[in-house]
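A.B. asks: I'd like to ask you about the structure that follows.
The values are calculated or read from the model by the stated rules, or taken from the named source; none is laboratory data. On a predicted model such as this, the values are computed, not experimentally measured, just so you know. Counting neighbours? That spans all protein chains shown, and the Cβs are built from the backbone with ideal geometry, glycine included.
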Protein chains: 4
Amino acid sequence: MIVAMQDAAAEEHIQSVIERMVELGFAVHRTTGAAQTILAGVGTPQAFDVAEFTVLPGVQDAYRISSPYKLAGRNFRPEGTKIKFANGVVVGGEEVVLMAGPCSVESKEQINLSAKQVAESGCKFLRGGAFKPRSSPYSFQGMGIEGLKIMREAADKNGLLVITEVMEISQIEPMLPYIDVFQIGARNMQNFNLLRELGHVRKACLLKRGIAATIEEVLLSAEYILSGGNYDLMLCERGIRTFETYTRNTMDVSAIPVLKKLTHLPVFGDPSHGVGKRDLVPALALASVAAGADGLLMEMHPNPDKAMSDGAQSLFPEQLNKLNAQLKQLAPIVGRTL
Amino acid sequence: MIVAMQDAAAEEHIQSVIERMVELGFAVHRTTGAAQTILAGVGTPQAFDVAEFTVLPGVQDAYRISSPYKLAGRNFRPEGTKIKFANGVVVGGEEVVLMAGPCSVESKEQINLSAKQVAESGCKFLRGGAFKPRSSPYSFQGMGIEGLKIMREAADKNGLLVITEVMEISQIEPMLPYIDVFQIGARNMQNFNLLRELGHVRKACLLKRGIAATIEEVLLSAEYILSGGNYDLMLCERGIRTFETYTRNTMDVSAIPVLKKLTHLPVFGDPSHGVGKRDLVPALALASVAAGADGLLMEMHPNPDKAMSDGAQSLFPEQLNKLNAQLKQLAPIVGRTL
Amino acid sequence: MIVAMQDAAAEEHIQSVIERMVELGFAVHRTTGAAQTILAGVGTPQAFDVAEFTVLPGVQDAYRISSPYKLAGRNFRPEGTKIKFANGVVVGGEEVVLMAGPCSVESKEQINLSAKQVAESGCKFLRGGAFKPRSSPYSFQGMGIEGLKIMREAADKNGLLVITEVMEISQIEPMLPYIDVFQIGARNMQNFNLLRELGHVRKACLLKRGIAATIEEVLLSAEYILSGGNYDLMLCERGIRTFETYTRNTMDVSAIPVLKKLTHLPVFGDPSHGVGKRDLVPALALASVAAGADGLLMEMHPNPDKAMSDGAQSLFPEQLNKLNAQLKQLAPIVGRTL
Amino acid sequence: MIVAMQDAAAEEHIQSVIERMVELGFAVHRTTGAAQTILAGVGTPQAFDVAEFTVLPGVQDAYRISSPYKLAGRNFRPEGTKIKFANGVVVGGEEVVLMAGPCSVESKEQINLSAKQVAESGCKFLRGGAFKPRSSPYSFQGMGIEGLKIMREAADKNGLLVITEVMEISQIEPMLPYIDVFQIGARNMQNFNLLRELGHVRKACLLKRGIAATIEEVLLSAEYILSGGNYDLMLCERGIRTFETYTRNTMDVSAIPVLKKLTHLPVFGDPSHGVGKRDLVPALALASVAAGADGLLMEMHPNPDKAMSDGAQSLFPEQLNKLNAQLKQLAPIVGRTL
């Protein structure tokens, strides 16, 4: 870490800061300028709070320098993480992997039809939510485990893998038999107890960026899962909250290449939540892959106008078909296949 | 709800929209202008998603109009909610109620000393965290239930009530014997399962605004708790995330009078998380009460420089004393006591 | 416009609102529900402030409904605006038009070399700033009109058109002989006097979105220029300010398809300012075209490490070459040429 | 400045960075850790762009350390700046100074009545806009110099000073005879040419924070004016743009104590623009003074419902009276007078 003292800081204040740095486990190198003294702390204590230094007397500013995540950093696995699934699908390799399906599993008919359409369009994963606690207590709340069972069947019949959201630790165990990937939603990105548990599970996870989370915070949350020993982890950009209200969120497409640079983990884009309106989804899906995404997570519904949730952002089946055909052409331009 | 059709929208599109509105339970009144048709939906269906209309053909925009929360609305209890505690303290009445204590319960000595100082400064509640899942997996994670026991003792010895954060449903039951108020942290503001459970508990709650939550979303989350039958609920502004990085968050002081207008629930300010630096906390504490807060939640530590978490934003005991003396003078100017 | 009255609003308050609406030129249609009264104002007064209604007694909320821009709206010219330049280049047609060059014109050698490289890479416009008032008063401030002269020569020698930023009304006249497009920077997006003047000029303009401007505000600013009679106008997304600090700004790629839907004006992306780091620029350039951009504005410098401004976000010439080759392949996938 | 190299950065990359630092005028001190090398640059080159280093090979991150403003920094004048006006009013001293008046000067009657009410309520300055370029080209655009003349007369009759907004360099000269303070609006906070001109004027200025400006950027803009020799400068927080839409902007009350700490310049709050709704203005006015503001700038109108601009956020005269009475009581609690 680095502590920059104020111009003409008192020597006793400088000494107090040095003392505290040593206490935390740093070796301190001091640089004394004409006006300003700079203290460089060498070494990597497990955990410390850089903010603590900013309020010490005589301190102008303090910088962490070493990144607070280690396992998630690109250096840890420079060649990139590849996640291999039973049916041969590989995430993080050359292929751009597509995941699609309805926001909620609503019925056997709906999920079967969805699975068929999703498979026909060229996607490899069926998505669909079973637990849907919504922002209004008066809205549809999901089919629960029953929903997962019928989704698994629908996926198997169509050669698809299953990704679905886990909301609580108590759901992990009962979900295990039915799914291939645990999706961790934006609201749970900093539910650290849940992350820690998922670190101990032998099942892939996809971690969504929180609506107000910085890229560094996404990587810190990833670190929680990795530090438990679960390396089959994907990240997903799905829009952040800004002042712009025309779109549901502002999809931070640049987060995709930034994450590809900072981490070895595969990075997905979720244009459905990113923009929230179906007519804009294809543009953002194409943009995400053009920007380097390893895959996409998209909402599609056999009949979006009757969807029980998120209908406005669900693609019609024929839109998904057309989009996937475009993505197939786009992939080679950025050195990928589909 | 209101649907504004595009200029010169086709009659068939207008009819489709009307049909869907009727299907949801609205009575529809149509206004036909020279260029534009406006559809007013009268009635209040339990749950509907206004976004669904924005993607229908011919629609320009759609507005919900009726607020999606009912029990939390000011109209429901125009005189305001008063929460009465065993020792006679009333939240939401004339008195501005102060809550203070360390970020984390660290030891018996620390919490005893904290409680003594908090009580002497004129606060009525002792705060302190027992479960501390932190953004880095390598940081101190809290003392758990053991911490609550010693906090309860420390509070009782000093005539204080106890407020502490609940992170998960499974913690509710074991926490009940030791606490007076369940604090729901910013990260859990939309953990709807947790909110629903807390709605069934006979214990007061304080719900913090999420870092990226709109005021309306805070009220929707409050509705979850109220709809379970628990009306002893306080809200708390604690800073939102913006582009400004000098402060930890941007404390939205205006949310305090806005919430006082929109809801009958008592509204607190948390200047410690709001600004994140102790030298700025008193200014924001004063500002919050000047703006109409029913109380404050503040971090104080007997020795902030050695705090195991959030030291940078914890007040020194003498700062808290001085601040509370100022608050005592300020309260009558805005029609309150302290 | 629509005014939603509060539940059980007093009849006198309803009457006051109706009176004020009529005064502004609206015909008012009243819908009386069981609890709530809704007032629909039909007609389109030139200018009114919808906020004025939100503070009237008994009002719950008020909505504008009709869009405040007319000339900029898609309906005004559904087929889209095409801007034709002297050398045959058309913006807003099938072709994706590329503009590149250094942040600042620094010297004859630098701008000549830049122009050569820009032309060779397949771009049609040379960009470069002559007036550079910077956020620090101690930084390089640009070469002024002298810079424009040498940029014009460099462009002509290489068959390029010239785009450069105008900062003040007094610069318009002297700039006219040397340029093809006036660029209006993000900071001037709401400099309405400047916009009004540019509306009277017979020269194309490119209006950049302000760092904190909503899409609607961009269109309102466009309306200023259009209402003066200048229809040769392009818009440009160049990043908005959010809480994320890894990138210089957050490039709102979704604004591109949104603008294409809402307006007939050509829409550009500026990935250089959007992300601020050269290694991320190609990803965002590709994403912008994939999302439907009519063109790109990019910073390139013959020797970025020695650039007098914005070196960090300027591409190396060979990066621009490689990128343009990729863009050429990408264009047909989204129905464009290059 | 500090440059932190990546773990195991190549020696040639380290040498390139050192070379570039030396070239800019830094003396470089090198700290070599087990994994990471840190380079501390000592000295203060006039202008350099820290971002340029972040894209050099082998660099992890770069930090400026020394603040980019000098004249605006607290150290430059630790005792604080006091601005003395002809009639004895002092801004930046013990007294909290109140400024109020209509958004726009609309007529002789309106401004005379306003001035009378403003003076009676205890304010020292009359505010009012003469040039009003609005976001819609179809709105009222102000009375111009004629408006200033009648405002000056109205102010003089009531013993008030005059503050009004300057929008362009060409307005400075004609405005000089009629005003006491040039207000620089949020949209012009980074109009550096205008700032430079105002630096050469012998008249006080009040600089408003831009809607998306960081606190550091406000101080950099202040530096422009100070570096021209004009030290009679006040700053003003007036709300920033965030995701919250209930209020017009989010008033960053914490910016007031932060600015008081970082700079010697007087700091004002503008609650009218901060919240945009008159019923919330008094709460934010009180909060601003409680947080340490040296004064307030407020909109008041003799008849807000008929105001030609910003009526929704203009106080009624009796509201201003009541508020000022509260402020008078509040001032001594924070060590001020009124």
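A.B. asks: So which residues in the range B:207-220 are part of a helix (DSSP H, G or I) and more than 17 Å from residue A:133 (Cβ to Cβ)?
C.D. replies: If the condition is that a residue be part of a helix (DSSP H, G or I) and more than 17 Å from residue A:133 (Cβ to Cβ), then B:215, B:216 are the ones that fit.
A.B. asks: Moving to a separate point now. Go through the range D:68-80 and report how many residues are assigned to a loop (DSSP other than H, G, I, E, B) and surrounded by fewer than 19 Cβ atoms within 10 Å (Cβ to Cβ).
C.D. replies: Number satisfying all stated conditions: 5.
A.B. asks: Hey, another quick one. Among (1) under 20 Å from residue D:35 (Cα atoms); (2) within 8 Å of another protein chain (Cβ to nearest Cβ), where does residue A:60 come up short?
C.D. replies: It fails just one condition, (1).
A.B. asks: Here's another thing I want to ask about it. Which of the residues spanning the range D:289-329 are surrounded by 23 or more Cβ atoms within 10 Å (Cβ to Cβ), over 16 Å from residue D:119 (Cβ atoms) and within 14 Å of chain B (Cβ to nearest Cβ)?
C.D. replies: Within the range D:289-329, D:289, D:290, D:291, D:292, D:293, D:294, D:313 qualify.
A.B. asks: Taking the range B:1-31, which residues are more than 24 Å from residue A:247 (Cα to Cα), of a type in the set (Val, Ile, Thr) and surrounded by 14 or more Cβ atoms within 10 Å (Cβ to Cβ)?
C.D. replies: Answer for the range B:1-31, where residues must be more than 24 Å from residue A:247 (Cα to Cα), of a type in the set (Val, Ile, Thr) and surrounded by 14 or more Cβ atoms within 10 Å (Cβ to Cβ): B:18, B:28, B:31.
A.B. asks: Follow-up. How many residues, within the range A:1-54, are within 22 Å of residue D:69 (Cα to Cα), among the small types (Gly, Ala, Ser) and at the interface with another protein chain (Cβ under 10 Å from one of its Cβ atoms)?
C.D. replies: Qualifying residue count, the range A:1-54: 5.
A.B. asks: Any residue in the range C:210-232 that is over 14 Å from residue C:184 (Cα atoms) sitting within a Cβ distance under 6 Å of a residue that is part of a loop (DSSP other than H, G, I, E, B) and of a type in the set (D, E, K, R)? List the pairs, counting only those 6 or more apart or interchain.
C.D. replies: C:212/C:241; C:212/D:241; C:214/A:244
A.B. asks: Of these, D:3, D:17, which one is at pLDDT 90 or above and over 33 Å from the mean Cα position of the chain (by Cα)?
C.D. replies: That would be D:17, the only listed residue that is at pLDDT 90 or above and over 33 Å from the mean Cα position of the chain (by Cα).
A.B. asks: Now for a different question. List pairs: first in the range B:50-64 and more than 15 Å from residue B:28 (Cα to Cα), second among the aromatic types (Phe, Trp, Tyr), Cβ under 6 Å, 6+ apart or cross-chain?
C.D. replies: Filtered contacts from the range B:50-64: B:59/B:53.
A.B. asks: Now for a separate question. If you go through the range C:275-283 one residue at a time, do you hit one that is under 13 Å from the mean Cα position of the chain (by Cα), in contact (Cβ under 8 Å) with a residue 24 or more places away in the chain, within 14 Å of chain D (Cβ to nearest Cβ) and buried (at least 24 other Cβ atoms within 10 Å of the Cβ)?
C.D. replies: no
A.B. asks: Tell me, please, whether a residue that is closer than 17 Å to residue C:69 by Cβ and either crowded, with 24+ Cβ neighbours inside 10 Å or acidic (Asp, Glu) (or both) can be found in the range C:248-255.
C.D. replies: Within the range C:248-255 (the criterion being closer than 17 Å to residue C:69 by Cβ and either crowded, with 24+ Cβ neighbours inside 10 Å or acidic (Asp, Glu) (or both)), the answer is yes, since at least one residue qualifies.
A.B. asks: With the requirement that a residue be more than 18 Å from residue A:242 (Cβ to Cβ), of a type in the set (S, T, N, Q) and either out of contact with any His (no Cβ under 9 Å at 6 or more places or on another chain) or free of Cβ contacts under 8 Å to residues at least 60 places away in the same chain (or both), what does the range A:284-321 give you?
C.D. replies: Of everything in the range A:284-321, those that are more than 18 Å from residue A:242 (Cβ to Cβ), of a type in the set (S, T, N, Q) and either out of contact with any His (no Cβ under 9 Å at 6 or more places or on another chain) or free of Cβ contacts under 8 Å to residues at least 60 places away in the same chain (or both) turn out to be A:303, A:309, A:319, A:321.
A.B. asks: More than 9 Å from chain C (Cβ to nearest Cβ) and under 19 Å from residue D:257 (Cα atoms): does that describe residue D:198?
C.D. replies: Answer is no for this residue.
A.B. asks: With the structure loaded, tell me whether residue C:44 is part of a loop (DSSP other than H, G, I, E, B), assigned by TED's automatic domain parsing to the domain that holds residue C:233 and either of a type in the set (Val, Ile, Thr) or under 25 Å from residue D:276 (Cβ atoms) (or both) or whether it fails that test. Give the steps one after another, and end with the answer.
C.D. replies: Working: part of a loop (DSSP other than H, G, I, E, B): yes; assigned by TED's automatic domain parsing to the domain that holds residue C:233: no; either of a type in the set (Val, Ile, Thr) or under 25 Å from residue D:276 (Cβ atoms) (or both): yes.
For residue C:44, the condition - part of a loop (DSSP other than H, G, I, E, B), assigned by TED's automatic domain parsing to the domain that holds residue C:233 and either of a type in the set (Val, Ile, Thr) or under 25 Å from residue D:276 (Cβ atoms) (or both) - is not met.
A.B. asks: What pairs come out if I take residues in the range B:67-84 that are closer than 19 Å to residue B:203 by Cβ and in contact (Cβ under 8 Å) with a residue 40 or more places away in the chain and pair them with residues that are surrounded by 15 or more Cβ atoms within 10 Å (Cβ to Cβ) and charged (D, E, K, R) whose C-beta lies under 8 Å away, six or more apart or interchain?
C.D. replies: B:71/B:223; B:72/B:223; B:81/B:232; B:83/B:232
A.B. asks: With facing another protein chain (nearest Cβ under 9 Å) and surrounded by 24 or more Cβ atoms within 10 Å (Cβ to Cβ) as the only criterion, which of C:228, C:239 stands out?
C.D. replies: Being facing another protein chain (nearest Cβ under 9 Å) and surrounded by 24 or more Cβ atoms within 10 Å (Cβ to Cβ) holds for just one of C:228, C:239, which is C:239.
A.B. asks: Ok, one more. Enumerate the pairs (first residue in the range B:169-182 and more than 13 Å from chain A (Cβ to nearest Cβ); second residue anywhere and of a type in the set (Ser, Thr, Tyr)) with beta-carbon separation below 7 Å, excluding pairs fewer than 6 apart on the same chain, so at least 6 apart or on different chains.
C.D. replies: B:179/B:164
A.B. asks: Just need a number here: residues in the range D:47-67 that are part of a loop (DSSP other than H, G, I, E, B) and acidic (Asp, Glu).
C.D. replies: 1
A.B. asks: If residue A:83 passes every condition in (1) at pLDDT 95 or above; (2) over 19 Å from residue A:331 (Cβ atoms); (3) aliphatic (A, V, I, L, M) but one, which one does it miss?
C.D. replies: (2)
A.B. asks: Separate question: Tell me, which residue of the range C:247-271 that is of a type outside the set (D, E, K, R) and in contact with a Cys (Cβ under 8 Å, 6 or more places away or on another chain) is farthest from the other protein chains (Cβ to nearest Cβ)?
C.D. replies: Filtering the range C:247-271 for residues that are of a type outside the set (D, E, K, R) and in contact with a Cys (Cβ under 8 Å, 6 or more places away or on another chain), the one farthest from the other protein chains (Cβ to nearest Cβ) comes out as C:268.
A.B. asks: Kindly check whether there is at least one residue in the range B:124-145 that is more than 27 Å from residue A:48 (Cβ to Cβ) and of a type in the set (S, T, N, Q).
C.D. replies: Among the residues of the range B:124-145, not one is more than 27 Å from residue A:48 (Cβ to Cβ) and of a type in the set (S, T, N, Q), which makes the answer no.
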